[in-house]
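Q: The following block contains the structure, expressed as structure tokens.
The values are calculated or read from the model by the stated rules, or taken from the named source; none is laboratory data. Just so we're clear, the structure is a prediction, and the values are computed from it rather than from any experiment. Cβ: placed from backbone, ideal geometry, glycine included. Neighbour counts: every protein chain shown. All accessible areas refer to the heavy atoms of the entire protein, side chains included, with ligands and DNA or RNA removed. Shrake-Rupley method; radii C 1.70, N 1.55, O 1.52, S 1.80 Å.
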Amino acid sequence: MLRYLFRRVLLMIPTLLLASALIFTVMQLPPGDFFQTYVAEMQAQGERADLSRLEFLKKEYHLDKPPVERYAYWLADFVRGDFGYSFEYDLPVRDLIGDRLLLTMILSFLTILFTWAVAFPIGIYSATHQYSWGDYGLTFLGLLGLAVPHFLLALIVMYFANVWLGLSIGGLMAPEYLNQPMSMAKFGSVLQHIWLPVVVIGITGTGGMIRAVRANLLDELDKQYVTTARAKGLPPRRALLKYPFRMSLNFFISDIGSVLPSVVSGAEIVAIVLSLPTTGPLLVRALQSQDMYLAGSFLMFLAVLTVIGVLISDIALAMLDPRVRLQGGESK
Amino acid sequence: MSLAANPAVAPARKGGPLPPADQALAHYVSAAPFDAMSVTRMTPEQEKAALASQWRLMWLKFKRHRLAVASAVLLLLAYLIAGFCEFVAPYDSQTRNTDFVRAPPQQIHLFHEGSFVGPFVYGYRYNLNMDTLQREYTPDPARVQPLRFLCKGDPYLMWGFIEGDRHLFCPAQGTALFLLGSDRLGRDMLSRIVYGARISLTIGILGITVSFVLGIIIGGFAGYYGGLFDLVTQRIIEVVQALPHIPLWMALASVMPPTWSPILIYFGITVILGLMDWTGLARAVRSKLLSLREEDYVLAAQLMGARTPRIVGRHLVPGFMSHLIAKATVAIPGMILGETALSFLGLGLRAPITSWGVMLNEAQNINVVALYPWLMLPVVPVIVVILAFNFLGDGLRDAADPYR
């Protein structure tokens, strides 16, 4: 097990290096940089940009160096925990993200809970009542959740939440609590608003999850040990939950790797539509304005989280299923 | 083959099946010639199934999946409409009717005051409400405007070289027709949705082609040669899958220079969608190749002296092709949704091109939901097409799986 762990951790290093190179390339691809965009915008508004300050910033952040050198500086800073400086917000990236990270994580955590709470019972029902009307209906509902573009769903739900329930439109709290310190009243307001994004974001994930739970559970239910368990008189609930259900969760554990980054980035587009103070809109805006340190460091941060997520799921899988461990970790 | 197994041949005996207890069983030999194959002979239907090729078996199984067949028919229809959109749509996608800005959908009627007229609509009476500054359109029962069929309308150049002005249906002479309402420039929503189908439906196909080619080549090499190449591609795939899709789409989409023509942007978007999607297919190809390589029939082929290209082309590729096609079908909806998401952010296709995503981009504020809900109608074909692709993919997957 230790050897396996060591191998896995060692493999993370080239993966991350590759990810950083890829991210840096993508960041460099668009023509021009933030300063050019900035100067152009200033000129369009009839103002003069402070060129000396720009020169200073360019020098400070090595923007006058060739790309390879810049990549080295960026990576070295990142490893040391310095995520760079957002030109647009005039703030270190760390401070900028830190503010929004807490709310994003609360939101994502609730979304995941919502998805599980809805998808598991439905998935189990669909698998045990295969080809019944209930199965068809629920699977169809799940598919519908997959098919509706969620930005539109967000708009519609937001409108009706306003018309029927009188909730203020958008945001995670009533407007009067913005920039206020945390209090019971503010917390209550957040609770009042948070269910809407949770439901909208959750619905998409729920559809996929229902299908996955159903398919995996069906595969297990066909196996002979289930028949044996039933034939030996195990109560139906136990014959379902204790063995087949647990086995069908394997897919789910291997999915943790992709869950972790989405917890941090949140659903970008829904967050933009609902104007949530989460990290997603920040990232999208940074990409649009070529605020490269903000966008690049953020993407790198997500990549690190994914790799850690994959590691966690691999370890969990290896602990649950000895066959994985014996194969030396390469899934073939 | 014993006599007992062939009771039909035995002559009927008098007085019950068995002779009395004190008499011996009568000696009996059937004169009919013995047919050794009579047990293993198949009925004509069985024979058809046993001799059917793999693709024929898949087709037989697919036909049983009624929902998938219905979806396939529906998609075929949708692609036909997209192919002949100039003819199907009553207007050109850019025709502006400034007298009817944001007109609500008109209802088709068949009977006017109890008498049959055929399909017609009531013309709109227009009124600008000076209190709310809203345009109000009310159907005017006095104006009966029957639809015309196969009539002359906006001229078009189908596929860029066929000139024409015939349309499937158009409004009565000198009137306007908005079966699904009109948008902020007075363009007919129905026509735009029909024109949008061409872009939105092909973007998924082109994107999946890009990702299919990439996935098969890269995954095939990784699975067949293994070693260092396999290790590196595995890491790359892991990295590409690790990054959230939307930011990467955005970064790549912003690379395209704004000077590009809309059609170039369209191809750029398909390539971007394909570039993000090939990883899943490459993984599937690789793992399938790895597992199929160990199968006994491959060993048998090797022992019989088949060379590598024959083994790959004749035994391995057909083994996972059906599986891949099913997988690709399920991936198309993601591309269609990806296009709507990119267009929604203003990074996808741009105005002169009409796609469902571009149309939804105009429906992205709360006013639309409250006042002009018909502007959100392009979402209906999006949902229908995505559901259809999902059902079709399910049917194909079940049909491609020999163990079900």
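Q: What is the residue count in the stretch B:165-192 for residues that are touching a Lys or Arg at 6+ places or on another chain (Cβ under 9 Å), under 13 Å from B:P104 (Cα atoms) and of a type in the set (D, E, K, R)?
A: Looking only at that region, the number is 3.
Q: Could you please tell me which pairs satisfy a Cβ distance under 6 Å, a separation of 6+ or placement on different chains, a first residue in the stretch B:235-258 that is at the interface with chain A (Cβ under 7 Å from one of its Cβ atoms) and in contact (Cβ under 8 Å) with a residue 40 or more places away in the chain, and a second residue that is outside any loop (DSSP other than H, G, I, E, B) and not hydrophobic (A, V, I, L, M, F, W, C)?
A: Taking only residues 6 or more apart or on different chains, the pairs are B:I246/A:E268.
Q: So is A:L113 open to solvent by 60 Å² or more (accessible area, probe 1.4 Å), without any contact (Cβ under 8 Å) to a residue 12 or more places away in the chain, within 23 Å of A:L274 (Cα to Cα) and in the same structural domain as A:I203 (by TED's automatic domain parsing) or not?
A: In short, yes.
Q: With the requirement that a residue be within 14 Å of chain B (Cβ to nearest Cβ), more than 26 Å from A:P197 (Cβ to Cβ) and hydrophobic (A, V, I, L, M, F, W, C), what does the stretch A:108-147 give you?
A: A:W133, the sole residue that qualifies.
Q: Just checking, how many residues over the stretch B:292-307 are open to solvent by less than 80 Å² (accessible area, probe 1.4 Å) and either in a helix (DSSP H, G or I) or in contact with a Lys or Arg (Cβ under 8 Å, 6 or more places away or on another chain) (or both)?
A: 5
Q: Looking only at the stretch A:87-99, count every residue that is buried (at least 20 other Cβ atoms within 10 Å of the Cβ) and either at pLDDT below 75 or in contact with a Cys (Cβ under 7 Å, 6 or more places away or on another chain) (or both) and tell me the total.
A: 1
Q: Next question. Considering B:G174, B:G181, which residue is assigned by TED's automatic domain parsing to the domain that holds B:G123 and free of Cβ contacts under 8 Å to residues at least 40 places away in the same chain?
A: So the residue among B:G174, B:G181 that is assigned by TED's automatic domain parsing to the domain that holds B:G123 and free of Cβ contacts under 8 Å to residues at least 40 places away in the same chain is B:G174.
Q: Out of the stretch B:37-61, which residues are surrounded by fewer than 10 Cβ atoms within 10 Å (Cβ to Cβ) and assigned to a helix (DSSP H, G or I)?
A: Result: B:P44, B:E45, B:A50, B:L51.
To keep it simple, each residue is scored yes or no on (1) at pLDDT below 80; (2) under 27 Å from B:S182 (Cβ atoms); (3) among the aromatic types (F, W, Y).
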{"site": "B:I325", "(1), (2), (3)": "yes, no, no"}
{"site": "B:V330", "(1), (2), (3)": "yes, no, no"}
{"site": "B:P333", "(1), (2), (3)": "no, no, no"}
{"site": "B:L342", "(1), (2), (3)": "yes, yes, no"}
{"site": "B:P373", "(1), (2), (3)": "no, yes, no"}
{"site": "B:I386", "(1), (2), (3)": "no, yes, no"}
{"site": "B:N390", "(1), (2), (3)": "no, no, no"}
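Q: Taking the condition under 17 Å from B:Q241 (Cα atoms), modelled with pLDDT of 80 or more, in contact with a helix residue (DSSP H, G or I) (Cβ under 9 Å, 6 or more places away or on another chain) and open to solvent by 20 Å² or more (accessible area, probe 1.4 Å), does A:I308 pass?
A: Judged against the criteria, A:I308 is a match.
Q: Against the definition (at pLDDT below 85 and of a type outside the set (S, T, Y)), how does A:L102 come out, yes or no?
A: yes
Quick grid of which residues meet (1) within 27 Å of A:S132 (Cα to Cα); (2) open to solvent by less than 20 Å² (accessible area, probe 1.4 Å); (3) at pLDDT below 80; (4) not in a helix (DSSP H, G or I):
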position: A:G170; (1), (2), (3), (4): no, yes, yes, yes
position: A:E176; (1), (2), (3), (4): no, no, yes, no
position: A:V198; (1), (2), (3), (4): no, yes, no, no
position: A:G205; (1), (2), (3), (4): yes, no, yes, no
position: A:A212; (1), (2), (3), (4): yes, no, no, no
position: A:L218; (1), (2), (3), (4): yes, no, no, no
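Q: I've got another one for you. Quick one: how many residues across the stretch B:62-101 are part of a helix (DSSP H, G or I), open to solvent by 50 Å² or more (accessible area, probe 1.4 Å), in contact (Cβ under 8 Å) with a residue 60 or more places away in the chain and out of contact with any Lys or Arg (no Cβ under 7 Å at 6 or more places or on another chain)?
A: 5
Q: So B:L349 passes all but one of these: (1) open to solvent by 30 Å² or more (accessible area, probe 1.4 Å); (2) modelled with pLDDT under 80; (3) more than 12 Å from chain A (Cβ to nearest Cβ). Which condition number does it fail?
A: With (1) open to solvent by 30 Å² or more (accessible area, probe 1.4 Å); (2) modelled with pLDDT under 80; (3) more than 12 Å from chain A (Cβ to nearest Cβ) applied to B:L349, the lone miss is (1).
Q: Okay, next question. Is at least one residue of the stretch B:147-163 touching a Gly at 6+ places or on another chain (Cβ under 6 Å), basic (K, R) and open to solvent by 20 Å² or more (accessible area, probe 1.4 Å)?
A: Within the stretch B:147-163, not a single residue is touching a Gly at 6+ places or on another chain (Cβ under 6 Å), basic (K, R) and open to solvent by 20 Å² or more (accessible area, probe 1.4 Å).
Q: Kindly indicate whether B:R166 is outside any strand (DSSP E or B), open to solvent by 70 Å² or more (accessible area, probe 1.4 Å) and more than 30 Å from B:T279 (Cα to Cα).
A: No.
Q: Exactly one condition in (1) open to solvent by 30 Å² or more (accessible area, probe 1.4 Å); (2) more than 30 Å from B:S343 (Cα to Cα); (3) basic (K, R) is not met by B:R283; state its number.
A: Only one criterion is unmet by B:R283, namely (2).
Q: While we're here: For the list (1) within 14 Å of another protein chain (Cβ to nearest Cβ); (2) modelled with pLDDT under 70, I need the number of the one condition that A:A49 fails.
A: (1)
Q: Moving to a separate point now. Check off (1) within 21 Å of the chain's Cα centre (by Cα); (2) under 17 Å from A:L294 (Cβ atoms) for A:V148 and give me the number that stays unchecked.
A: Of everything listed in (1) within 21 Å of the chain's Cα centre (by Cα); (2) under 17 Å from A:L294 (Cβ atoms), A:V148 misses just condition (2).
Q: If you don't mind, another one. Among the residues of the stretch B:336-350, how many are in a loop (DSSP other than H, G, I, E, B) and either under 21 Å from the mean Cα position of the chain (by Cα) or free of Cβ contacts under 8 Å to residues at least 40 places away in the same chain (or both)?
A: Looking only at that region, the number is 1.
Q: A further question on this structure: Right, B:A370: surrounded by fewer than 18 Cβ atoms within 10 Å (Cβ to Cβ), facing another protein chain (nearest Cβ under 8 Å) and touching a helix residue (DSSP H, G or I) at 6+ places or on another chain (Cβ under 7 Å) or not?
A: Yes: the conditions hold for B:A370.
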